[in-house]
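Peer 1: Let me begin by handing over the structure; questions about it come next.
Any read-out appearing in this document is the output of simple, stated calculations on the displayed coordinates, not a laboratory observation. Here the structure is a predicted model, which is why all the values come from computation and not from measurement. Cβ atoms come from the backbone with ideal geometry, glycine included; neighbour counts cover every protein chain shown.
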Amino acid sequence: MRKEIGKALDADYFFSPRAHEMQCKKGEMGEGIIQRWLDDRNISYCTEAEIRAHGDGKTPDFVLSDPICIEDHMVRWIESKALFGDELEHKHYAKKQFGEYANIFGEGMVVYWYGYLEDLPSEGEGYLVKDHSFFEEYKEQTDELFNYLVYW
C-alpha cells in the first residue's frame, strides 16, 4: 500500500505535496520579478510579510507607499498569481481577495503570470489585470518562471 501511495503522489502533478511546493516556488519567483521591477524604479512598498507582521489581516503581495499611474489607474497594490487567469479562477480570487484589497487599499493591479482571458471583468472593479508581458524587460526571469520544473 505504501508503495502504491508513493507512486500516486509521484504521478500527481496538481495536488500532491510536491506539486504544492512547486507552485509555491513559482509564486515566489513571480513576486521576485515584481519586487525587482519596483526596486528598479525606486518605488517604495511593503510586502505581504511586512504588513502581516504588524497584525493586519487581508493583504496583497505588495502595498505601495505612494500610488503609481499605470494606464490611467492609480495603482496602490499589486497581487501576483503564478497561474492562468480563467473565468473560474478569476471569479474565485476577485471575491476572496481582489475586491477586498480594492476596498481597503484603493486601486490595484493583478498579475496572472501565465496569461488570462481577455474578457475577464476588471473594469470598474478597482484593479487592472496584466500578465508576464507587462514585465518584458525581465525576460530571463520570466523564462525561468515558465520553465521551472517543467519536467518532474
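Peer 1: If exposed trypsin sites (Lys or Arg not before Pro) are those in a DSSP loop with at most 16 other Cβ within 10 Å, what is the longest stretch of the chain that has none? Please report the intermediate quantities before stating the final value.
Peer 2: Working: sites that count: Arg41, Lys58.
Longest run free of exposed loop sites: 59-152.
Peer 1: At most 10 other Cβ atoms within 10 Å plus a DSSP loop assignment makes a site exposed; report the longest stretch of the chain without any exposed GluC sites (Glu not before Pro). Please report the intermediate quantities before stating the final value.
Peer 2: Values: sites that count: Glu71, Glu118, Glu123.
Looking at the chain, 1-70 is the longest stretch - no exposed GluC sites (Glu not before Pro) with at most 10 other Cβ atoms within 10 Å.
Peer 1: Under a straight-distance cross-link criterion of Cα-Cα below 18 Å, which lysines are reachable from Lys96, leaving out those fewer than 8 residues away in the same chain?
Peer 2: Output for Lys96: Lys58, Lys81.
Peer 1: For the chain, what does -39500 (n - 2.57) per DSSP helix run (n ≥ 4), summed and divided by total residues, give at 222 nm, in deg cm²/dmol to the nearest 500? Working shown, then result.
Peer 2: Details: 6 runs with 63 residues, N = 152.
The per-residue figure over the chain is -12500 deg cm²/dmol.
Peer 1: What does the extension gain come out to for Cys24 and Asp56, with contour length at 0.36 nm per residue minus their alpha carbon separation?
Peer 2: 9.3 nm
Peer 1: How compact and how long is the chain, expressed as Rg and Dmax of its alpha-carbon atoms in Å?
Peer 2: For the chain, the Cα radius of gyration and maximum Cα-Cα distance read 16.8, 58 Å.
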